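The values are calculated or read from the model by the stated rules, or taken from the named source; none is laboratory data. Here the structure is a predicted model, which is why all the values come from computation and not from measurement. As a convention, Cβ positions derive from the backbone with ideal geometry for all residues, glycine included, and neighbour counts pool all protein chains shown. All accessible areas refer to the heavy atoms of the entire protein, side chains included, with ligands and DNA or RNA removed. Shrake-Rupley method; radii C 1.70, N 1.55, O 1.52, S 1.80 Å.
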Amino acid sequence: MLVSNRVRNLHPYVPGEQPADRDYVKLNANENPYPPSPEVARSLADFITASPEKMGLYPDPDSNALCSAIASMLNRTGGVLCRCSADINGVISPAPQDKIGFEITPDMIYAGNGSDEVLSFAFYAFFDPSRPFVTARFTYSFYPVYAGFYDLPMDAVPLNSDWSLDTDEMIRRASKNHGGMIFANPNAPTGLSLSREQIRRMLLQTDSNDIFIVDEAYADFGGESCIPLLAEFKNLVIVRTFSKSLCAAGQRLGYLVASPELVKVVTSVKNSVNHFPIDVLTQVAGAAACRNPAYYADCAKKVCASRDSFQDFLTASGFSVVPSSTNFIFARHPKISGERLYKSVKNEGILIRHFNTPGIEQFVRISVGTPQQMSLLKDALEKILREEA
């Protein structure tokens, strides 16, 4: 036997398609349509010019400078970029409802190769094969992949009829299982968000010995971050990413925010797999991005404006649209199947995402692009709708 039974039973994650045979407008992978801050390119160029020998040396295994930069950025922004404001000098500050209320310190940050790796280590660190962890029936589709990879039992709770999380049932099952909980907020692929107070009520009903993970990959586009709750709940773990609001999907950088004790646990897992996970250039680029939150706040605001405008267009065109707090839109048309809509849009040179998963197979997920890209998609949809009439 050449491969293990574990490998035979794997069900890998399927990302949005990345075709090389045609130059499509890509609105299928929740990437940010804007480039990173110019500060990132300058910092990388300066580093390579001044210290080329450091690319031949191992990087800081604990990414200390990067973790300090992430902590500083969170303290300055509150974790929701789209509501930040900047004064005439470019000094950024969070909206009143997003102020954290205490200082995030570098020892509360763990950084890794994208939030997917961070999630993988968190699954290994905090969930146990002897007890099912609770999640939602439709949420980030990598969670079941990790459950299978680490042989973890999973208890998936169906969504409510309005596509929101059934928090009461999730709490009931978590209290029964004592295996922990994870969900995305705002959720994917639906785009809906729970308020911080809703999540606080969930935490109050959760055993303090049970881990509670909130995946905030999309929080910068309009959700409410749970970071302020870290002062109250020591079992809370928050996972975030540079891929969405920090315009760095190609960079592979994510991080976790939690108590220093829980960060040490995840670090122990990392050191059992790869002592040097983040390369030196990514550490430099990530720290540079964190030093310029005003740029990324502006990008987030532009994404939100395009999202809201396109949601209005879809609704006026007869689509059912789930209200989004993210950089994507989850929608369906009553007369056109999700698969047919995806294929028709692809024929027009634009990629959107369609899931074959029973229960959401009639939906498409549209990543928000630049105004020009959304205009092209609008024209394509209007053409498709005319042909269907």
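Some points to look at:
- The strands (runs of 3 or more DSSP E) falling completely within the stretch 251-369 that include 1 or more residues that are of a type in the set (G, A, S) and open to solvent by less than 40 Å² (accessible area, probe 1.4 Å) map to 254-257, 328-332, 364-367.
- Residue in the stretch 18-30 that is at pLDDT below 85 and among the basic types (K, R) present: yes
- The residue list E232, E216 contains one member that is out of contact with any Pro (no Cβ under 6 Å at 6 or more places or on another chain), of a type outside the set (S, T, N, Q) and open to solvent by 10 Å² or more (accessible area, probe 1.4 Å), which is E232.
- Of everything listed in (1) surrounded by fewer than 24 Cβ atoms within 10 Å (Cβ to Cβ); (2) more than 18 Å from V266 (Cα to Cα), the single unmet condition for D210 is (2).
- Single unsatisfied condition, R353 versus (1) touching a residue at least 60 places away in the same chain (Cβ under 8 Å); (2) over 17 Å from G191 (Cβ atoms): (2)
- Output for the stretch 299-314, where each listed residue is in contact with a helix residue (DSSP H, G or I) (Cβ under 9 Å, 6 or more places away or on another chain) and of a type outside the set (A, V, I, L, M, F, W, C): K301, K302, S306, R307, S309
- Selected residue (only one of S193, S175 is over 23 Å from P12 (Cα atoms), touching an Asp or Glu at 6+ places or on another chain (Cβ under 9 Å) and surrounded by 18 or more Cβ atoms within 10 Å (Cβ to Cβ)): S193
- Matching residues, the stretch 55-103, being within 18 Å of V239 (Cα to Cα), of a type in the set (S, T, Y) and more than 19 Å from the chain's Cα centre (by Cα): S63, S68, S72
- Among the conditions (1) open to solvent by 40 Å² or more (accessible area, probe 1.4 Å); (2) in contact with a helix residue (DSSP H, G or I) (Cβ under 6 Å, 6 or more places away or on another chain), F149 misses just one, which is (2).
- Enumeration of residues in the stretch 370-384 that are within 14 Å of F319 (Cβ to Cβ) and open to solvent by 40 Å² or more (accessible area, probe 1.4 Å): K378, E382
- Residue match in the stretch 354-361 (condition: hydroxyl-bearing (S, T, Y) and modelled with pLDDT of 95 or more): no
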